[in-house]
Number of protein chains: 2
Amino acid sequence: MKLSTKGRYAVMAMVDLARHAQAKPVSLSDIATRQEISLSYLEQLFARLRRAGLVKSVRGPGGGYRLARGSADTRVSEIILAVDEPISATRCTEMGATGCRADRSKCLTHDLWEELGNQIHLFLSSVTLLDVLERRLASRLLEAPSAANSDTMAAAS
Amino acid sequence: MKLSTKGRYAVMAMVDLARHAQAKPVSLSDIATRQEISLSYLEQLFARLRRAGLVKSVRGPGGGYRLARGSADTRVSEIILAVDEPISATRCTEMGATGCRADRSKCLTHDLWEELGNQIHLFLSSVTLLDVLERRLASRLLEAPSAANSDTMAAAS
DNA sequence: CAAAAACCAACTGCGTCGCTCGGATTTAAT
DNA sequence: ATTAAATCCGAGCGACGCAGTTGGTTTTTG
């Protein structure tokens, strides 16, 4: 699960699409002006989203894009996975499974990244477009890791 | 909280350092050969780690690095924050607060990224070097998001 | 037919990553 | 004192992905 601004743009666009979904499909130029994203860049993102089956396209004037499924059935994780390259494998491939070193031994931190990947994916797949629109995030999962020193946290940022 | 392979290298090196901590400091060339990371690259990473106060250096032959605090008091989140650029601000600055658009309105997905950032930071700051060494991850937080459709999850990967 | 839209491919400027090179400083061991 | 092991430091480099641009083509509505 790569996490770049590219995925963010895609999610922004999809939320915008969900928001303005009506009888007529939504054109990319509308989304482009509303979200302040380059039209051609959006085209590239939506090409991937279409191939991933997240949106359907309608060609010709008055055409545009529609969500393939409902906004309550489209998860943020899917959008990000659709547009991001599945990472080019720089050593420990995040989900390697094939083992992350020359010899076959898992590196010491392998489990850590795997768990982190799980956490992120779990969170993002628990959020739908509708959730974002209606501002239903926060709460849900981890209201408090129970005990475990919760005050020694780093300075954050 | 940026998430790149750079931070991963740093964490790998720090875990290695924690593992081989004894009376004598650990030299970077030892870590380099064990972890298969370029020595000069390690030097750059440790320069940042030192400036962040996570390690102390001992110069001269027989020198090397030591953890500034114990392995149970060094959190993974601190390591990553130390080595990664604080991101160059591409629109919605992850933690913007200043607002992410030309006009002052928070973009629709602002809350989402903020929450995601919180999740990641919370997880990574709940894991210490000692935890990684002793393979104490998994479990901890979200054993189950209680209700909320947990079966409709995307294909993962 | 004209215009609006999705489609498509190639290219570009830029920044970061991972790494190299060539040093300099400090300091323990001989 | 010399040597050598180590940290320090800065400049630069090749490759890659990102965000965007250009210049089309196809489809379809009016």
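The values are calculated or read from the model by the stated rules, or taken from the named source; none is laboratory data. Keep in mind that this is a model prediction, so the values were computed, not measured. Every residue, glycine among them, receives a Cβ derived from its backbone with ideal geometry; neighbour counts consider all protein chains shown. Surface accessibility is based on the protein's heavy atoms, side chains included, excluding ligands, DNA and RNA. Shrake-Rupley method; radii C 1.70, N 1.55, O 1.52, S 1.80 Å.
For this structure, a couple of remarks:
- Any hit, region A:10-27, residues being within 10 Å of DNA strand D (Cβ to nearest atom), at pLDDT 95 or above and either facing another protein chain (nearest Cβ under 10 Å) or crowded, with 16+ Cβ neighbours inside 10 Å (or both): yes
- Checking each residue in region B:69-86 for being within 16 Å of DNA strand D (Cβ to nearest atom), open to solvent by less than 20 Å² (accessible area, probe 1.4 Å) and part of a loop (DSSP other than H, G, I, E, B) picks out only B:Asp84.
- Residue match in region B:114-121 (condition: farther than 30 Å from B:Ala18 by Cβ and either at pLDDT below 60 or open to solvent by 10 Å² or more (accessible area, probe 1.4 Å) (or both)): yes
- Residues that are in contact (Cβ under 8 Å) with a residue 24 or more places away in the chain and open to solvent by less than 70 Å² (accessible area, probe 1.4 Å) within region A:36-47 comprise A:Ile37, A:Leu42, A:Leu45, A:Phe46, listed in sequence order.
- Single match in A:Thr74, A:Thr109 (criterion: at the interface with chain B (Cβ under 10 Å from one of its Cβ atoms), at pLDDT 85 or above and under 21 Å from B:Ser4 (Cβ atoms)): A:Thr109
- Filter pass, B:Arg66 being touching a residue at least 12 places away in the same chain (Cβ under 8 Å), among the basic types (Lys, Arg) and closer than 25 Å to A:Leu3 by Cβ: no
- Just one residue in the set A:Arg34, A:Arg48 is more than 18 Å from A:Leu3 (Cα to Cα) and part of a helix (DSSP H, G or I); that residue is A:Arg34.
- Members of region B:115-139 that are within 7 Å of chain A (Cβ to nearest Cβ), on the phi < 0 side of the Ramachandran plot and either in a strand (DSSP E or B) or charged (D, E, K, R) (or both): B:Glu115
- Test: residue in region A:51-64 that is within 22 Å of B:Leu112 (Cβ to Cβ), within 9 Å of DNA strand C (Cβ to nearest atom) and either within 11 Å of chain B (Cβ to nearest Cβ) or assigned to a strand (DSSP E or B) (or both): yes
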